[in-house]
1. Can you name the number of the only condition in (1) within 20 Å of residue 109 (Cα to Cα); (2) touching a strand residue (DSSP E or B) at 6+ places or on another chain (Cβ under 8 Å); (3) not in a loop (DSSP other than H, G, I, E, B) that residue 160 fails?
2. If you go through the range 38-47 one residue at a time, do you hit one that is touching a Leu at 6+ places or on another chain (Cβ under 7 Å), open to solvent by 20 Å² or more (accessible area, probe 1.4 Å) and farther than 23 Å from residue 10 by Cα?
3. Here are some conditions: (1) modelled with pLDDT under 95; (2) in a helix (DSSP H, G or I); (3) open to solvent by less than 50 Å² (accessible area, probe 1.4 Å). Residue 12 meets all but one. Which one does it not meet?
4. If we keep just the residues of the range 128-144 that are of a type in the set (Gly, Ala, Ser) and open to solvent by 10 Å² or more (accessible area, probe 1.4 Å), which is modelled with the lowest pLDDT?
5. How about the range 150-208: which of its residues are open to solvent by less than 20 Å² (accessible area, probe 1.4 Å) and of a type in the set (Ser, Thr, Tyr)?
6. Every residue in the range 40-89 that is within 25 Å of residue 145 (Cα to Cα) and either at pLDDT below 95 or not in a helix (DSSP H, G or I) (or both), please.
7. Within the set of pairs 6+ apart or on separate chains, which have a first residue in the range 189-217 that is in a loop (DSSP other than H, G, I, E, B), a second that is modelled with pLDDT under 95 and basic (Lys, Arg), and C-beta atoms under 7 Å apart?
8. Please enumerate the residues belonging to the range 117-152 that are touching a residue at least 40 places away in the same chain (Cβ under 8 Å), farther than 14 Å from residue 180 by Cα and out of contact with any Asp or Glu (no Cβ under 9 Å at 6 or more places or on another chain).
Amino acid sequence: INFLYISHIHFDHCGGSMSVAEHYHEANDKPLTILCPIRMLPWFTYLSSVFGVPLNLVPLGKLHQDKALRETFHNEHGVKIDLCPAMHTRDSWSIALMSDDWKVAYSGDTLPNSQFVDIGKDCDILIHEATHQSTLSEDAAKKRHSTVRQAIEIGEKMNAMYTVLTHFSLRYQKLPPFLNENVPENVMFAHDFMKINKENIKTWCQATDALPKLFPNHYKDLMKQPYYKFKNFS
């Protein structure tokens, strides 16, 4: 681990971060750098004192505005960073990470955002939230999230080489919301403990078609759910 990035204050994005920081400090004898919204600084400062674990806290808003601070971060961590505000809750962010030979863009939680398209342009991997199936676009908009189709379209606008969809609603507890979606060959659905590298990324993209055969009972259960309005998206 080089550093920890937290896009916004919601607990599903920051829970467990102190455990990571504690193990990092034990292994490296130095504080973990955490990039986080400025609203989280008091919370992390308090937890740091309770756990007795030092932290190097960098507010995302300041990192976004301060070019010199981004250059310092690049020199210390070997990664260039670009940020833009996400369209979710207050003080939430999307990020693009760049090294000499790769670029990764991560949306965090957000509605489709043209600013994010700009900073993630031509990335190797786009990681984008796809909380809802595409038939639930109104529900997604109310909760300031994206649908599967919207996330795929962001990847197309970015010219992303690969797109990883993640952050699925709890209504999809067994399988991701892939039904009736026209999923391009360079798009995959994330799962817990997923590891992606140059050797396996194409295989992960091909795995979506195999899900009904690998998990037939879960697939049948998914087909029965009342929230599925059967409409194809292309």
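The values are calculated or read from the model by the stated rules, or taken from the named source; none is laboratory data. The shown structure was predicted, so the numbers you read here are calculated from the model rather than taken from an experiment. All Cβ positions, glycine included, derive from the backbone under ideal geometry; neighbour counts span all protein chains shown. Surface accessibility is based on the protein's heavy atoms, side chains included, excluding ligands, DNA and RNA. Shrake-Rupley method; radii C 1.70, N 1.55, O 1.52, S 1.80 Å.
1. The failed condition is (3).
2. No: zero hits.
3. Exception for residue 12: condition (3).
4. Among those residues, the one meeting the criterion is 137.
5. 163, 172, 208
6. 59, 81, 82, 83, 84, 85, 86, 87, 88, 89
7. 215/174
8. Residues satisfying the conditions are 117, 125, 127, 130.
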